[in-house]
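Written below as C-alpha cells is the structure these notes are about.
What follows is calculated from the coordinates using simple rules that are stated; it is not laboratory data. Note that the coordinates shown come from a computational prediction; the quantities given were computed from them, not determined experimentally. As a convention, Cβ positions derive from the backbone with ideal geometry for all residues, glycine included, and neighbour counts pool all protein chains shown.
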Amino acid sequence: MASINVGLVGYKFMGKAHSNAYMTAPKFFDMPAPPVMKAVCGRDAAAVKEFADTFGWESTETDWRQLIARNDIDMIDVGSPGDTHAAIAIAAAEAGKHVFCEKPLANSLADAKEMLAAVRKAGVRHMVNFNYRRCPAVSLAKQMIEAGEIGEVRQFRAVYLQDWLVDPLFPMNWRMRKEIAGSGAHGDLNAHLIDLARFLVGEVTDVVGMMKTFITERPEEGASTGLSATAGEGMGQVTVDDSALFLARFAGGALGSFEATRLAPGRKNYNRFEISGSKGSLVWMFEDMNELQYYSCDDADGRQGFRKILATEGSHPYVAAWWPPGHILGYEHSFVHAIHDFCQAVSSGDDCRPDFRDGAQCVAVLDAVEKSVETKAWQSVETVE
Ligand code: SOE
C-alpha cells in the first residue's frame with residue numbers, strides 16, 4: 001500500500017483537528033503509506049465545499065453512504081456526533097474500509113459492541129480517538145508506570161473541568177441533547193478520563209456515581225459554529241448531565257475518583273490526573289500538557305519534592321519528530337500522533353490501541369456509572385470480550 005486514501009465525515013471542531021493531522025503527519029513523520037485527503041463529507045454542500053478548499057480535501061460528499069461506496073477510499077474517519085458513529089462505522093467496515101472514530105465510540109453499549117463485531121468480522125483496522133493518550137507527557141507517564149517507577153498504583157484521581165456552560169443563557173447545541181450526544185459531561189469528558197485510567201492503571205471493575213443537570217432549560221440555538229452558538233427562538237430542554245462524578249475500583253486493587261463538569265468557572269480544559277503509587281506519584285494536567293510532575297520516595301531525605309519533567313526531549317515519546325528540546329507541543333499534536341499511529345497500523349496490518357474494544361470497554365464503564373446513578377448503588381462493569 002503506497003498511500004491511504006481517507007474519507008472524513010464531519011467538518012466542525014473535530015473535522016478541523018483531524019484535517020490538520022492528515023496534512024501535518026506525513027510532513028514531520030516518516031510514513032511508508034501517507035494519508036491522502038480524498039474526500040470530506042457533510043450535509044451542507046456549500047459549507048463542506050468551503051471547508052474542503054480551506055483544509056485541502058480533494059473532493060466532497062453530502063451523504064456518508066456515497067462516501068463509503070467510493071472505490072477510491074481506503075479508510076473512513078468518523079468525526080461527527082455520537083448518534084451517527086455506529087451506522088457509519090458499521091457500514092464502513094462492511095465495505096472493507098479501515099475505521100478511525102471519535103470518542104466516545106458510541107452512545108450505547110449495544111451499539112459499541114455491534115461496531116466492534118463489525119470491524120472484527122471485516123478484518124479491518126480500527127481505532128477510537130482518545131487523543132490525550134498521545135500527549136508525550138502522558139505516554140511518558142505510561143512508560144514510567146510500566147517500568148515500576150512509582151511502584152504499585154494505589155490511587156488514581158482525575159478531574160476534567162470546563163466552564164463553557166456556566167452562563168444559563170448559553171444556547172442549546174447538540175452536546176446538550178441526549179438523543180445526539182448520549183450524555184453530557186459524562187460521555188464527553190469522563191470518557192477521556194476513563195480511557196486515561198484504563199491506559200495508565202488498568203481495567204475498572206466497579207463504580208458508583210452521581211450526575212446532575214443544574215441548568216435544565218436554555219435558549220434554543222441559532223447559528224452554530226462548533227462549541228459556540230447564537231441564541232434562536234424560545235427555550236430548549238437540556239437532556240444531558242452538566243456534571244458527573246464517580247468512584248471506582250480497579251482490577252489491580254487501586255481505587256479511583258473521577259469528576260467531569262462543564263460548570264466549573266475559570267476552568268477551560270482542565271483535564272488532570274494524579275496517580276499515587278507505593279514508591280512515588282505522577283501528576284499531569286492538559287493545560288500544561290508538556291509537563292509531567294514526578295515525586296519519588298527514593299529521593300534523598302531532605303531533597304524530596306515534586307520535580308517537573310518537561311517532556312520535550314528527543315528521548316520522550318513522539319518528540320524527536322518535532323522541535324529541539326524545550327519547544328513545546330500543543331493540542332493539535334495529539335491528533336497528529338493519533339493519525340500517524342493509525343495510518344502506520346493500516347499500512348503494517350498491526351493493531352492500534354485504543355481500538356474499538358477499548359472504546360466499547362470505556363462505554364461499558366460510562367454505562368455502569370449511569371446504572372449506579374439510577375439504582376443509587378455500586379455497579380459492576382461488564383467486560384467486553
Ligand atoms: C468539548 O467539551 C470538548 O471539545 C470535547 O468534546 C473534547 O473531546 C475535549 O478534548 C475538549 O472538550
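Structural remarks
- Distance from segment 280-306 to segment 1-36 (C-alpha centre basis), Å: 35
- Longest to shortest principal axis, alpha-carbon extents of segment 103-225, angstrom: 51, 38, 30
- Rounded to the nearest 20, the Cβ-based charge dipole of the chain about its Cα centre (Lys and Arg +1, Asp and Glu -1) stands at 240 debye.
- Database remark: amide H of VAL40 closer than 5 angstrom to the amide H of LEU8, SER59, THR60, GLU61 (H placed geometrically; neighbours at sequence offset of 5 or more, or on other chains; Pro and chain starts carry no H).
- Simple spin-label estimate for ASN71 and MET23 in nanometres, 7 Å along Cα-Cβ: 3.1
- Fluctuation leader among GLU94, GLU58, GLU203 - the chain, Gaussian network, Cα springs under 10 angstrom: GLU58
- Projecting the Cα atoms of VAL381, HIS327, ALA368 onto the charge dipole of segment 314-385, computed from C-beta unit charges around the Cα centre, puts HIS327 farthest toward the positive end.
- Rounded, prolate or oblate (a/c below 1.5 giving rounded, otherwise prolate when a/b exceeds b/c) for segment 115-175 by Cα gyration tensor: oblate
- Neighbour-count order for PHE28, PHE199, fewest beta carbons within 10 angstrom listed first: PHE28, PHE199
- Most mobile of ASP188, ASP301, ASP358 in a GNM of the chain (Cα contacts under 10 Å): ASP301
- Only Lys, Arg (+1) and Asp, Glu (-1) charged, at Cβ; segment 37-147 dipole about Cα centre in debye: 480
- Mean Cα-pair separation over length for segment 54-183, i.e. relative contact order, pairs under 8 Å, 6 or more apart, %: 22
- Cα radius of gyration and Dmax for segment 79-140 (Å): 12.3, 37
- When segment 78-162 is described by a simple charge dipole with +1 on each Lys and Arg Cβ and -1 on each Asp and Glu Cβ, the residue from HIS126, HIS85, ALA137 located farthest towards its positive end is ALA137.
- Distance between the C-alpha centres of segment 200-271 and segment 323-385: 17 Å, rounded to the whole angstrom.
- Projected label points at THR216 and GLU374, each 7 Å from Cα along the beta carbon direction, are separated by 1.9 nanometres.
- Among beta bridges that DSSP assigns inside the chain, antiparallel share in %, nearest 5: 60
- Amide H contacts under 5 Å for GLU217, placed H, 5+ residues apart: VAL238
- For the listed residue pairs LYS178/LYS371; LYS113/LYS178; LYS142/LYS178, the alpha carbons are over 27 angstrom apart in LYS142/LYS178.
- Shape category assigned to segment 228-385 from the gyration tensor of Cα positions, a/c cut at 1.5: rounded
- Going from the residue with the fewest nearby Cβ atoms within 10 Å to the one with the most, LEU366, LEU189, LEU200 rank LEU200, LEU189, LEU366.
- Exposure proxy shown here: for GLU217, GLU114, GLU102, the number of other Cβ atoms within 10 Å sets the order, fewest to most, as GLU217, GLU114, GLU102.
- With the simple model of a label 7 Å out from the Cα in the direction of the Cβ, THR383 to ALA147 spans 3.1 nm.
- By the Stokes-Einstein formula, at 1.002 mPa s and 20 °C, the chain with its Kirkwood radius over alpha-carbon pairs has D equal to 100 µm²/s.
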